[in-house]
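Shown next, in structure tokens, is the structure this report addresses.
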Amino acid sequence: MKQLSALFFLFILSSCAMNKLFLNPYPMDNGFKQNFYSAELQDTLSLSFKDTNTPVIRSSNGELAQFSYTIENVNFKSSRERIINGWLVKPTSYNGTTIYFLHGNSANIPYNFPLAEPFAKKGYQVFLIDYSGYGFSEGKSKRKDVLKDANEGLDYLISRKDVKYDKLLIYGQSLGGHLSAVVATQNQEKIDGLVIEGAFSSHKDIAADQVPILARIFVREIYSAEKNLPKFHKPIMIIHSTEDARIDFKHGERLFEVANEPKKFYQIEKPHVRGPLYYIDSISYKIDELLNISK
């Protein structure tokens, strides 16, 4: 039974370049609705969409919810002629730093937005995209396309002349953390720093956690955070939880090991990529330190 399980797992690894193993998209249409609780408003809110995928958030009494930020829905055409959807979150009191937030492998922007929202509440401007096949973004989810989307999302953000910032930071979580190492290295002249939370060091490493030795033979490594970070020379912070049950703590340690100075390692607790929910004050303080921002 164990041998059959291992062979089945290796078949998955070797087929479709592991896209289905690493990418778990949740496509949406304008009929999508979701209820969630807002601690800020102490109310259960409803999220729906209208027109060109514009998010509409209402309170339990049906009125439009008012936050300490606004959400601008954006759609831009990728180099492969696909529409990529994103949210530009603008805080009422902007602190001058913009975060390009690359979310993890599951679901879509609405699902991952609670992990980015704490930054908006702290005064950061935040830009998120859905990769191809996620949310309202067109196309199929493939590892090579996800990297293209992440690169082109950064280019789109920078091309917006109306988007002002003193500092531009990439913040990636889980799969997005692995991606962020590659995107940041390929675009380091365009950004001021990088934060990686709960990411795996390489596709081979994370696969080997399940099937040691054989996984390293069968897994195709299209791009690797571990191989890119030694070429990155801007400030970087690695965040990883000792309680992360999805991506082992050793992956964060390995990424920190290969990273260049100036670098910080922030060891936290709590489940996978929940840092912004429990440690937003200390994370934002460390980001300011990383970017040499004095308050």
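Across region 81-109, the qualifying residues are those that are modelled with pLDDT of 95 or more and of a type in the set (S, T, N, Q), and the one among them that is nearest to LYS148 (Cα to Cα) is ASN85. Within region 129-179, the set of residues being hydroxyl-bearing (Ser, Thr, Tyr), free of Cβ contacts under 8 Å to residues at least 60 places away in the same chain and not in a loop (DSSP other than H, G, I, E, B) comprises SER159 only. Within region 33-53, being modelled with pLDDT of 90 or more and either hydroxyl-bearing (Ser, Thr, Tyr) or closer than 19 Å to ASN108 by Cβ (or both) holds for LYS33, GLN34, ASN35, THR44, LEU45, SER46, LEU47, SER48, PHE49. Of all residues in region 30-67, exactly one satisfies the criterion of being under 24 Å from ARG160 (Cα atoms), under 22 Å from the mean Cα position of the chain (by Cα) and hydroxyl-bearing (Ser, Thr, Tyr), namely THR54.
Restricting attention to region 128-142, the residues that are surrounded by fewer than 24 Cβ atoms within 10 Å (Cβ to Cβ) and closer than 12 Å to ASN105 by Cβ total 2. Taking the conditions (1) modelled with pLDDT of 95 or more; (2) within 20 Å of the chain's Cα centre (by Cα) in turn, SER78 satisfies each one other than (1). Contact map, region 225-240: residues that are farther than 20 Å from ILE268 by Cβ paired with residues that are at pLDDT below 95 and part of a helix (DSSP H, G or I), Cβ distance under 8 Å, separation 6+ or inter-chain. Pairs shown: GLU226/ASP205. Residues considered: ASP281, ASP244. Of these, the only one that is under 17 Å from the mean Cα position of the chain (by Cα) and either of a type in the set (Asp, Glu) or not assigned by TED's automatic domain parsing to the domain that holds PHE101 (or both) is ASP244. Taking HIS233, is it out of contact with any His (no Cβ under 6 Å at 6 or more places or on another chain), of a type outside the set (S, T, N, Q) and modelled with pLDDT of 95 or more? So HIS233 passes the test. Checking each residue in region 94-111 for being under 8 Å from the mean Cα position of the chain (by Cα) and either over 20 Å from ARG246 (Cα atoms) or part of a strand (DSSP E or B) (or both) picks out PHE101, LEU102.
Out of curiosity, is ILE170 at negative phi, at pLDDT 95 or above, of a type in the set (Val, Ile, Thr) and in contact with a Ser or Thr (Cβ under 7 Å, 6 or more places away or on another chain)? Considered against the rule, which asks whether it is at negative phi, at pLDDT 95 or above, of a type in the set (Val, Ile, Thr) and in contact with a Ser or Thr (Cβ under 7 Å, 6 or more places away or on another chain), ILE170 comes out as yes.
Considering only residues in region 283-295 that are over 24 Å from TYR111 (Cα atoms) and of a type in the set (Ser, Thr, Tyr), the one that is surrounded by the fewest Cβ atoms within 10 Å (Cβ to Cβ) turns out to be SER294.
Among the residues of region 89-111, the ones that are surrounded by fewer than 19 Cβ atoms within 10 Å (Cβ to Cβ), within 16 Å of LYS161 (Cα to Cα) and not charged (D, E, K, R) come to 1 in all.
If you go through region 110-145 and pick out every residue that is farther than 22 Å from THR54 by Cβ, at pLDDT below 95 and not acidic (Asp, Glu), you end up with 5.
Of the residues making up region 118-127, those that are surrounded by fewer than 22 Cβ atoms within 10 Å (Cβ to Cβ) and assigned to a helix (DSSP H, G or I) are PRO118, LYS121.
Can you say whether LEU194 is touching a residue at least 40 places away in the same chain (Cβ under 8 Å) and in a strand (DSSP E or B), as far as the supplied structure shows? Criteria met by LEU194.
The values are calculated or read from the model by the stated rules, or taken from the named source; none is laboratory data. Quantities reported herein were computed from a predicted structural model and do not represent experimental measurements. Neighbour counts run over all protein chains shown; Cβ positions are idealised from the backbone, glycine included.
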